[in-house]
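**Student:** Mind having a look at this structure? Questions to follow.
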Amino acid sequence: MLKGKCNLVVFGILAGIVAVILAVMGNPGNMAICVACFVRDIAGAAYLHTAPVVQYMRPEIIGIVVGAFIISLITKEHRSTAGSSPMIRFVLGFVTMIGALMFLGCPLRMIIRMSAGDVNAYIALIGFAGGIATGAFFLKKGFSLGRAYDSKPADGVVLPVILVILFLLSITTTLFAASTEGPGSMHAPILVSLIGGIVFGIAAQRSRMCFAGGIRDTILMKDATLLIPIGVLFVVMLIYNIVGGNFHFSMAGQPIAHTEVLWNILGMYIVGLAACLAGGCPLRQLILAGSGSADSAISVVGMLLGAGFAHNFKLASSADGSTPAGRIAVVASIVILFIIALVNIRRNKA
């Protein structure tokens, strides 16, 4: 047990070092590596939305999936599975992005923002934990999306292969859009981003890193083991921000963030509840997809299309705050999640 926890610390340090390197090498402030933001940028690069400041084929996302794929093959953990309510998982991925883009970040960026002193992220943590607690309640009541079944080996490699092809096209052609200003224009060198993503994916796969899973297990089983690598990642980033003079404990003036308390809380409430119902946070969905889960791959596709939808219909927030349409979408997303939770409660037959 001690050896296992030491390994989690090591992987947490490794993930933290990757985040620091990406931040130093040019990724946006208080972001370093954010699944939701970077999936949104990829959606923009592929013209799924046309917001000019958030378009870039982020190598980190491709690297995370490829890293999980490689290490799962090496450790013989790669297993092609499918069939666990794929369309519902698509919807869960879709609404996850509605919530994440209301807050302006996934749980990973929330932790990174917290390490830089962003009070808005600490406030959003309340919503995220509340969403997971709600999901845990439904799990105890019998919520289930059903089991996944072994599928053809090709099912488990489709997403990694597609992402690799997109990456190669992005560096050899001009097919994809690329921002010339704003967050999309801020990025580390391509090779650094790709290698960083691969290493991060390996660390996350080996440590079973999941921001929702750590809180869920703490609530349901009083087991905080999965929080260890996340806590270590936070500490590494905290040290970096303090030493580098990037730590500013405040609400206002934080990079790519807004100060609307209610909507930060509700946005991350959606992410927490959706992650609990789907069996993993956005990062975990990437890792599972790389490890062979076609169901998680469908969730990732839902996230990609959700990001495009959010920007096309002005649902995503900006540093100026949320939009009226975004607020309506957040409320609608919460209703959708409760419907999904209620109709998938499986009661034991007498």
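**Student:** From the residues Ala116, Met87, Gln254, which one has its Cα farthest along the dipole of the chain in the positive direction, the dipole being from +1 and -1 charges on Cβ of Lys/Arg and Asp/Glu about the Cα centre?
**Tutor:** Of the options given, the answer is Met87.
**Student:** Using a 1.4 Å probe, what is the accessible area per residue for the chain, in Å²? Can you show the working numbers first?
**Tutor:** Values: 14190 Å² over 350 residues.
On a per-residue basis, the chain sits at 41 Å².
**Student:** Leaving out same-chain residues fewer than 8 places away, which aspartates and glutamates sit with a Cα under 18 Å from that of Lys141?
**Tutor:** Filter leaves Asp217.
**Student:** What's the FRET efficiency of Arg346 with Tyr47 using the Cβ-Cβ distance as r and R₀ = 45 Å, to the nearest 0.05?
**Tutor:** Details: r = 41 Å, r/R0 = 0.90.
Once rounded, the FRET efficiency stands at 0.65.
**Student:** I need the calculated FRET efficiency for the pair Ala252 and Asp150, taking r as the beta carbon distance and R₀ as 51 Å, to the nearest 0.05.
**Tutor:** 0.45
**Student:** Same structure, new question: Given a 10 angstrom Cα cut-off, can you work out which residue in Gly292, Gly63, Gly83 is the most mobile in a GNM of the chain?
**Tutor:** Gly83
**Student:** Something else: Rounded to whole Hz and in sequence order, give me ³J(HN,Hα) for the range 166-172 from the Karplus expression 6.51 cos²θ - 1.76 cosθ + 1.60, θ = phi - 60°, writing x for Gly and Pro.
**Tutor:** Calculated HN-Hα couplings, in order: 4, 5, 4, 5, 5, 9, 10 Hz.
**Student:** What cysteines in the chain have no other cysteine with a beta carbon less than 4.7 Å from their beta carbon?
**Tutor:** Lacking a cysteine Cβ partner under 4.7 Å: Cys6, Cys106, Cys210, Cys276, Cys281.
**Student:** Please list, by residue number, every one of the trypsin sites (Lys or Arg not before Pro) in the range 1-98 that is coil in DSSP and has at most 13 other beta-carbon atoms within 10 Å.
**Tutor:** Sparse-neighbourhood loop trypsin sites (Lys or Arg not before Pro): Lys76.
**Student:** For the range 193-289, which trypsin sites (Lys or Arg not before Pro) are in a loop by DSSP, counting at most 15 other Cβ atoms within 10 Å?
**Tutor:** Numbers: sites: Arg206, Arg208, Arg216, Lys222, Arg284; in loops: Arg208, Lys222.
Listed in order of number, the matching sites are Lys222.
**Student:** Another question, then. With all protein chains present, how much of the accessible area of the chain (probe radius 1.4 Å) comes from carbon and sulfur, to the nearest whole percent?
**Tutor:** In the chain, the share of accessible area belonging to carbon and sulfur is 71 percent.
**Student:** Another one. Name the shape class, rounded, prolate or oblate, that the alpha-carbon gyration tensor gives for the chain, where a ≥ b ≥ c are the square roots of its eigenvalues, rounded holds for a/c under 1.5, and otherwise prolate holds if a/b is larger than b/c and oblate otherwise.
**Tutor:** Cα axes put the chain in the rounded bin.
**Student:** Between Ala32, Ala204, Ala51, find the one with the highest GNM mean-square fluctuation for the chain; connect C-alpha pairs within less than 10 Å.
**Tutor:** Among Ala32, Ala204, Ala51, the largest mean-square fluctuation in the Gaussian network model of the chain belongs to Ala51.
**Student:** Now a separate question. Using a ≥ b ≥ c from the Cα gyration tensor of the range 97-202 (square roots of the eigenvalues), is it rounded, prolate or oblate, where a/c under 1.5 gives rounded and otherwise the larger of a/b and b/c decides, a/b for prolate?
**Tutor:** In terms of gyration-tensor shape, oblate.
**Student:** Label point 7 Å out from Asp223 along Cα-to-Cβ: which residues of the range 280-324 have amide N under 12 Å?
**Tutor:** none
**Student:** Exposed loop chymotrypsin sites (Phe, Trp or Tyr not before Pro) only (DSSP loop, at most 12 other Cβ atoms within 10 Å): please give the longest stretch of the chain free of them, not including the sites.
**Tutor:** That would be 48-248.
**Student:** Got a sec? Which residues in the range 160-176 would a label at Met25 touch, if it sits 7 Å along Cα→Cβ and we count backbone N under 16 Å?
**Tutor:** The answer is 171.
**Student:** What does the C-alpha gyration tensor say about the overall shape of the range 251-307? Classify as rounded when a/c is under 1.5, otherwise prolate if a/b is larger than b/c, or oblate.
**Tutor:** Note, shape of the range 251-307 comes out prolate.
**Student:** Going Cα to Cα from Lys5, which lysines come in below 29 Å? Please leave out same-chain ones fewer than 8 positions away.
**Tutor:** Lys76, Lys140, Lys222
**Student:** A further question follows. Calculate the FRET efficiency for Phe338 and Val164 from the Cβ-Cβ distance with a Förster distance of 22 Å, rounded to the nearest 0.05.
**Tutor:** After rounding, the FRET efficiency stands at 0.05.
**Student:** Could you work out the helix-only [θ] at 222 nm for the chain, with each DSSP H run of four or more residues adding -39,500 (n - 2.57) and the total divided by the number of residues, to the nearest 500 deg cm²/dmol?
**Tutor:** Taken over the chain, the calculation gives -21500 deg cm²/dmol.
**Student:** Which of Val164, Val65, Val330 ends up with the largest GNM mean-square fluctuation for the chain, with Cα atoms connected below 10 Å?
**Tutor:** In the Gaussian network model the winner is Val164.
**Student:** In debye to the nearest 20, how big a dipole does the chain give about its Cα centre with +1 on each Lys and Arg Cβ and -1 on each Asp and Glu Cβ? Show your work: numbers first, answer last.
**Tutor:** Numbers: 23 positive and 12 negative charges, 236 e Å.
For the chain, the charge dipole is close to 1140 debye.
The values are calculated or read from the model by the stated rules, or taken from the named source; none is laboratory data. Predicted, not measured: the structure shown is a model, and the values here were computed from it. Positions of Cβ are generated from backbone atoms using ideal geometry, with glycine treated the same way; all protein chains shown enter the neighbour counts. Heads up: the accessible areas ignore ligands, DNA and RNA and are worked out on the full protein's heavy atoms, side chains in. Shrake-Rupley method; radii C 1.70, N 1.55, O 1.52, S 1.80 Å.
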